[in-house]
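For reference, the structure is listed below as structure tokens.
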Amino acid sequence: MVHLYLYGLALVLAGAFAGMILPARNRVLAAALLSSIGCIATFTAALQTLLEGKSSTFHTTRVIPFSGVQLALDPLGALFVGVAALLGIAASVYGVGSAIGGSKSRIETGMFPLFLACLMLVPVAASVVSFMFAWELMAVTSFLLLLVEHRIRPETRDAAQWYGAMTQFGAAAILMGLVVLAVHTGSQNFAAIQLHASRLPIATRSVAFILVLIGFASKAGAVPFHVWLPRAHAEAASPVSALMSGVMVNLGIYGILRVGNGLLGGGVLWWWLLVVAIGVASALYGAVQAVASSDLKRLLAFSTIDNVGLILIGVGVAGSLADSGHRLLGALAMLAALFHLTNHSAFKGCLFLAAGSVQHATGTRDLDRLGGLLRRMPATALFFAIASMSISALPPFNGFASEWLLFQGLLHGFTAKNSATDMALLAGVGALALTGGLTAAAFVKALGIGFLGQSRSSEASSAHEVAPSMITGMALLALPCVVIGVAPGSVMPAIHRVTEVALGGVFPAQVQKGLGLGLAGLTGAIEPALLLVALVAAVTIIWGVVHLVTSGFARTEARSTEAWGSGRALLTPKMEYTATSFAEPLQRVFVDVLRPSHDADVTHIAESEYFEHEISYRLRIDDAIERSWYRPLVRYVMAWGDFARRVQNGSTHRYLAFGFVALVIILVVLA
């Protein structure tokens with residue numbers, strides 16, 4: 001299977017080459033076509049690996065001398081490759097339409113397939129050198145894609161600076177952790193490290209795990225290493241945002257699983273309790289920030305942090321239960337986490353592409369300036385609604401199935417009777433319940449304020465549906481939201497094989513219910529297909545009753561009123577809820593977390609100071625963690641930089657004095 005994967009990867013790289021050298025009129029189409037065909041090949045290889053449960057390897061010294069490139073495609077890596085390939089196809093098709101009316105630069109056109117290739121290369125890297133090579137290439141390509149519009153939008157340059165700093169910090173932590181393992185095991189090959197790591201002292205293994213956890217958590221956008229994510233995901237082009245949020249953050253989860261459970265063999269209990277704590281903080285903080293945001297793409301970015309938190313809760317609980325001897329319960333929690341990771345990639349990718357369509361058609365992401373897009377962009381509204389219901393965990397969509405399974409995994413974990421694990425489970429259940437309500441509120445706001453009602457700006461009132469290729473890209477990701485939601489049992493065998501690799505063992509199937517979900521040996525089952533049938537039947541009955549009732553009054557003249565007008569004869573956009581006003585009650589509840597800043601300017605009329613001519617009100621909600629932690633650190637570093645700049649003034653006499661003082665200190669210490 002690895003050879004089919006390599007052929008697909010070569011086609012994606014050929015797409016990058018075509019995007020760099022071909023003329024403007026056909027480079028976008030050529031790059032998208034080659035990338036899509038390559039992604040189909042890699043998806044096929046990943047799917048066969050998942051179905052057969054077999055691993056395949058590849059090694060060559062032609063790319064990296066001495067150590068060479070070592071690749072291994074196993075079920076764990078195949079899941080992440082398959083998800084990346086699926087989103088790569090959708091984003092590539094979408095990108096063809098988004099380029100209409102404007103010319104993409106060679107860098108943007110060529111770097112996108114290269115970024116996609118790196119996303120599919122990281123999960124199959126099987127050595128420290130190969131992994132860090134792919135990881136750093138992924139970071140560089142995504143950084144360049146983020147910088148494409150830095151001359152047009154100053155916010156893009158600021159986002160790129162934050163992203164560059166945090167991604168290099170994370171890469172340094174990962175490299176140090178992997179080097180610790182390589183030095184103490186005598187090999188940089190992952191298979192050899194896994195074979196010898198169990199003999200290492202627990203202190204050495206713990207240092208390595210903490211280092212890689214910091215690095216991978218920063219890439220996943222987990223709190224408190226998340227500060228780059230809302231900036232980068234909001235400012236990047238929508239196909240890039242879809243890959244960042246739907247694929248790149250997944251690789252942070254992959255790294256924790258590959259090192260923590262794979263190379264280190266599961267570790268100790270407190271490792272996974274720490275993962276749960278990070279997950280709970282990320283889920284709650286991301287959900288609160290999402291519900292308060294009025295920037296559509298920033299809202300989606302914070303909801304990514306929320307869902308990453310839920311996945312980390314499942315991963316941490318699985319590790320905790322496995323360490324305490326309850327490996328079957330741990331396998332259920334891991335299965336739920338991986339299932340939600342897969343579903344999140346589908347609906348979040350669809351949401352970012354739909355948000356890009358809104359921005360492409362209106363020129364704005366501000367929900368306060370949108371409205372009425374359902375009539376003007378019906379296809380975009382449909383796919384945004386499907387993905388919104390999925391992320392809000394409404395049946396019969398895929399988000400409901402995975403969150404239900406995660407909830408069951410947490411509840412059944414209480415039978416382990418371990419006090420520390422019980423505390424983690426309790427925190428996880430509370431976070432899952434609270435974030436579920438907040439996420440629903442956030443996407444009721446995004447869908448209702450953005451697409452329903454009347455237009456609140458000239459940009460929204462003049463919007464039009466986007467190109468067919470952009471609609472196709474959204475449809476490709478909306479489809480699994482529906483199919484997996486209606487028949488979640490269809491993907492369970494493949495995810496079960498991934499769970500066995502992730503936890504390092506063979507387990508009986510945890511979920512057995514045909515196309516539905518049923519817990520083997522435990523209570524709990526759902527049949528989303530039956531829920532869909534019941535829902536369709538209920539809607540049909542209600543429609544029939546309403547039709548019969550209204551047909552009896554056919555002679556009565558019907559009165560036409562504005563939609564959502566509550567019967568009023570006149571409704572203006574100023575009478576509608578805005579995104580800011582909709583979220584204001586929840587902002588009051590979480591004021592200690594959000595810490596918003598208010599500003600009001602009042603202009604009086606010339607004749608009297610007692611009558612207002614105009615009132616301007618501004619509400620700003622920035623990242624409280626960034627403001628409290630990172631900005632003081634940045635100021636401190638900048639102060640030291642200014643001091644170093646003043647010290648190094650180019651004077652030879654001063655440098656000689658520094659050397660003399662250093663020599664005296666060394667002599668005193670040695671004496």
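Quick notes on this one:
- Pair list, Cβ < 9 Å and 6+ apart or interchain, from the range 316-329 residues that are among the charged types (D, E, K, R) to residues that are part of a loop (DSSP other than H, G, I, E, B): ASP323/GLY266; ASP323/GLY267; ASP323/VAL268; ARG327/GLY505; ARG327/PHE507
- Filter pass, VAL122 being at pLDDT 90 or above, surrounded by fewer than 23 Cβ atoms within 10 Å (Cβ to Cβ) and closer than 30 Å to VAL183 by Cα: no
- Qualifying residue in the range 53-75 (condition: among the small types (Gly, Ala, Ser), buried (at least 24 other Cβ atoms within 10 Å of the Cβ) and more than 17 Å from ALA14 (Cα to Cα)): no
- When ALA173 is tested against (1) surrounded by fewer than 23 Cβ atoms within 10 Å (Cβ to Cβ); (2) more than 26 Å from LEU284 (Cα to Cα); (3) free of Cβ contacts under 8 Å to residues at least 60 places away in the same chain, just one condition goes unmet, and that condition is (2).
- Test for GLU459: is it touching a Lys or Arg at 6+ places or on another chain (Cβ under 8 Å) and among the acidic types (Asp, Glu): yes
- Cβ-Cβ contacts under 7 Å between residues 6 or more apart (or on different chains), taken from a first residue in the range 480-495 that is modelled with pLDDT of 90 or more and outside any helix (DSSP H, G or I) to a second residue that is aliphatic (A, V, I, L, M) and surrounded by fewer than 20 Cβ atoms within 10 Å (Cβ to Cβ), are listed as ALA487/LEU515; ALA487/ALA529.
- Any chance ASP592 is under 35 Å from the mean Cα position of the chain (by Cα), under 30 Å from ARG369 (Cβ atoms) and either modelled with pLDDT of 85 or more or not in a helix (DSSP H, G or I) (or both): no
- Within the range 53-109, considering residues that are of a type in the set (Ser, Thr, Tyr) and within 17 Å of MET132 (Cα to Cα), the one modelled with the highest pLDDT: THR60
- Cross-chain or 6+ apart pairs with Cβ under 6 Å, the range 513-532 first and surrounded by 13 or more Cβ atoms within 10 Å (Cβ to Cβ) and modelled with pLDDT of 85 or more, then part of a loop (DSSP other than H, G, I, E, B) and of a type in the set (S, T, N, Q): GLY518/GLN512
- Helices (runs of 4 or more DSSP H) contained entirely in the range 1-115, each with at least 3 residues that are more than 27 Å from the chain's Cα centre (by Cα), closer than 26 Å to LEU146 by Cβ and assigned by TED's automatic domain parsing to the domain that holds ALA379: none
- Inter-residue pairs, beta-carbon under 8 Å, first modelled with pLDDT of 85 or more and in the range 654-671, second not aromatic (Phe, Trp, Tyr), 6+ apart: none
The values are calculated or read from the model by the stated rules, or taken from the named source; none is laboratory data. Small disclaimer: the values here were computed from a predicted structure and weren't measured. Note that we place each Cβ from the backbone using ideal geometry, even for glycine, and neighbour counts take in every protein chain shown.
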